[in-house]
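Comments concern the structure below.
The values are calculated or read from the model by the stated rules, or taken from the named source; none is laboratory data. Computed from a predicted model, the values in this text were never measured in an experiment. Cβ placement follows ideal geometry from the backbone for every residue including glycine, while neighbour counts extend to all protein chains displayed. Surface areas here come from the heavy atoms of the whole protein model, side chains and all, with no ligands, DNA or RNA. Shrake-Rupley method; radii C 1.70, N 1.55, O 1.52, S 1.80 Å.
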Amino acid sequence: MQSDGTTAIQGAAGDVVRLTVDDTGADLVVSTEVERAEVGFTVTVSLTNLSDAAIAVRGPSPVALLIPWRPSAIGAFTSSWGLEYEPVVLSVEEPQTIEVSTGRSAQGHSPWLLVEGESAAYVVAPHWSGNWAITTEPVTDAIRVVVGLAPDDLTVELQAQGTMELPSVSVGFGPSATLAARGLAARALSRRPAGPPLLTEWNHWWPYEDQEINEDVFLANAEIAAGLGLEVAVLDAGWFGGSAVDSDWTAERGDWHKVNTTRFPSGLAWLADETRRRGIDFGIWIEAEAVGRGADLQRLHPEFMAVAHRDGGPEPLGYVCLGSPEAAAYIAGTVRQLILTTGARWIKWDFNLDPGLGCDRSDHGHRSGEGLIRHYEGLYQVLDELRSAFPDTVFEACSSGGLRIDLGLAEHVDCLFLSDPDWTEHHLACLWGACQMLPPRQILHWVQSEWRGEHRFQHADYSGSLMTAAQFDLKVQSAMLHRFGISVRLTEMRADLRERLAHHVQTYKTRIRGLLDEGLLWPLNAQPLREEKGNRRPAFQLTSGDDHLVAAFRLAPAGDWEPVRPVGLDPDAAYAVSVLDLDGQEIESRGRVLMSDGIPLPVGGASTLVLLRRI
């Protein structure tokens, strides 16, 4: 850091970006660590209290960036249930703020901002799962971007001689918005957990929910999933709580010590063993933080409950406050026991409520106003402890679908679920946004599910006679650019579609999955949008080293194929071009030809995956 309190960082197109942190006074020392890379950097700011008394730090802002030109565009995404990654354009002439105050990082906006100029672009994202704010402020011949915690009047107490590390902030940069976003995803890839292999999964949820699932249904589907080549069968909500056949999973969250013996009379250990006996590993869902209105946990451990004091008195917030060390130890022990009982190879960790500003109890070891911060610090610690204890178990984060997707949580889990709905058009719209921040190995979304409930876009009949092979391939191939999963009634799937699914799973495992370990995914054209809006011919490129997978899709109402041109190839190199469809073919072509003329696309069809391997 320079003597004037700023750090100069070489950015895009020769720019020098100025990084600053708040001047906090003589008793509070600020240290800034900048982890630099070729296409981005990550900033972590620590505050140390040198005094002999506690200090209240008001509105801590991890970083402010001064980008030395006025932007031509500022972009962001709004986010809500089933409407994740909805693009918005912000004014470049007036101060703008995007923020979250719901207590979940992507419930309101995604924690991501694009600042784009004529020949350079920056993408900024905080590493934080709670409330945050990003503000842009035009200044003379420049723009200032401030990333902070929310709300503005937030105060955090720093104990005497204590140190607090603020959430990191990552920045990607490049000559274009696409390259800047790729730089941000590269930063995330460099900081992600090593984790177990990228296993493929079947999950029971949407076709059965908690009302139609039982051990017979689960095992019948698990056996077929194993035959298709899938590697984990995940038991979602509905396994726990009281034994009424119509018990409501939302009301009984927290009673993880109970098993619904009407649905699962033989217990979880038996079910897991029987699943593995059918040739597939066992996984299980838990909403470990949440507590339902009818859960025994509220009576057994009232001291763990998060509470906010309103004008009308204390108000339960519906979750266990992990700012309490005792509560955090209890939750970690609960999940640990669940894994030991079942040998679970996969934990789906959900969170379906908005904690707002969080807990303000005085007996949890945090001050009023700090509860949400301490909860997320506790969550990160619990996840790290569990991953260390069970390194072969996949930890998936889900939050009403995609409402807690951020680079902070991404450092503590193996993957994040994009959205509860997953019809193909919606999936590709979400994927277009998510790959601007996350590497594909940390993205999970299912092939379009069969929903037990009503959803006007979500209907998919895999057992009837109307679905064509091309329609089926589109649904499956669109979900093969990241971690792979599916939630359908396998027992009722048409025989020919089941055969095609087995082929796609084998292709994924042998030709695509290896690219995800260190690969990056980015869009080759504009974002598709829901309800037949936006780009109807989206294309993506997955690149790892000298190998590239190009995926192209035609969404209704789309006309003929348009050329799809890969980027970043060696123009003089020869590439083996393999079409990874059921009737796959391989040709040889030069890099410059592929980048100028485009890849060969099938006649007809609605999707294709083409592997480019440098010879």
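Annotations
- A search for C-beta distances below 7 Å between a residue of region 217-235 that is farther than 14 Å from T491 by Cβ and any residue that is assigned to a loop (DSSP other than H, G, I, E, B) and open to solvent by 10 Å² or more (accessible area, probe 1.4 Å), counting only pairs 6+ apart in sequence or on different chains, returns E231/L199; V232/L199; V232/R345.
- Verdict on E396 being in contact (Cβ under 8 Å) with a residue 24 or more places away in the chain, closer than 25 Å to P325 by Cα, open to solvent by 10 Å² or more (accessible area, probe 1.4 Å) and not in a loop (DSSP other than H, G, I, E, B): no
- A single entry from V505, V488 fulfils the requirement of being under 25 Å from the mean Cα position of the chain (by Cα) and outside any loop (DSSP other than H, G, I, E, B): V505.
- Considering region 552-615, the qualifying strands (runs of 3 or more DSSP E), each wholly inside and each with 1 or more residues that are open to solvent by 50 Å² or more (accessible area, probe 1.4 Å), run over 586-590, 607-614.
- If you filter region 48-95 down to residues that are buried (at least 18 other Cβ atoms within 10 Å of the Cβ) and among the polar types (S, T, N, Q), you find that the one that is farthest from the chain's Cα centre (by Cα) is N49.
- Test result for D246, open to solvent by 40 Å² or more (accessible area, probe 1.4 Å) and either in contact (Cβ under 8 Å) with a residue 24 or more places away in the chain or closer than 17 Å to A295 by Cβ (or both): yes
- Once region 531-551 is narrowed to residues that are buried (at least 21 other Cβ atoms within 10 Å of the Cβ) and polar (S, T, N, Q), the residue that is nearest to T608 (Cα to Cα) is Q541.
- Within region 459-496, tally of residues that are surrounded by fewer than 24 Cβ atoms within 10 Å (Cβ to Cβ) and aromatic (F, W, Y): 2
- Only residues that are of a type in the set (V, I, T) and either buried (at least 21 other Cβ atoms within 10 Å of the Cβ) or touching a Leu at 6+ places or on another chain (Cβ under 6 Å) (or both) were counted across region 306-330, and they come to 1.
- Residue within region 405-418 that is more than 9 Å from the chain's Cα centre (by Cα), open to solvent by 30 Å² or more (accessible area, probe 1.4 Å) and at pLDDT 95 or above present: yes
- In region 378-393, residue farthest from H109 (Cα to Cα) [restricted to those that are buried (at least 19 other Cβ atoms within 10 Å of the Cβ) and touching a helix residue (DSSP H, G or I) at 6+ places or on another chain (Cβ under 7 Å)]: F390
- Residue match in region 421-435 (condition: surrounded by fewer than 23 Cβ atoms within 10 Å (Cβ to Cβ), of a type outside the set (D, E, K, R) and farther than 26 Å from L549 by Cα): no
- Qualifying residue in region 151-161 (condition: crowded, with 19+ Cβ neighbours inside 10 Å, of a type outside the set (A, V, I, L, M), in contact (Cβ under 8 Å) with a residue 60 or more places away in the chain and out of contact with any helix residue (DSSP H, G or I) (no Cβ under 9 Å at 6 or more places or on another chain)): no
- Test for P528: is it surrounded by 17 or more Cβ atoms within 10 Å (Cβ to Cβ) and either more than 26 Å from the chain's Cα centre (by Cα) or not basic (K, R) (or both): yes
- Residue within region 325-346 that is polar (S, T, N, Q), closer than 25 Å to G401 by Cα and in a loop (DSSP other than H, G, I, E, B) present: no
- Annotation note: Cβ proximity below 6 Å between a residue of region 286-299 that is touching a residue at least 60 places away in the same chain (Cβ under 8 Å) and buried (at least 21 other Cβ atoms within 10 Å of the Cβ) and a residue that is part of a loop (DSSP other than H, G, I, E, B) and not polar (S, T, N, Q) (sequence gap 6+ or interchain) occurs for E287/R253; E287/D350; E289/F351.
- Test: residue in region 441-455 that is in a helix (DSSP H, G or I), touching a Leu at 6+ places or on another chain (Cβ under 9 Å), under 30 Å from A76 (Cα atoms) and open to solvent by 20 Å² or more (accessible area, probe 1.4 Å): no
- Scope region 162-215; condition open to solvent by 10 Å² or more (accessible area, probe 1.4 Å), assigned to a strand (DSSP E or B) and either at pLDDT 95 or above or not polar (S, T, N, Q) (or both); matching residues: M164, E165, F173
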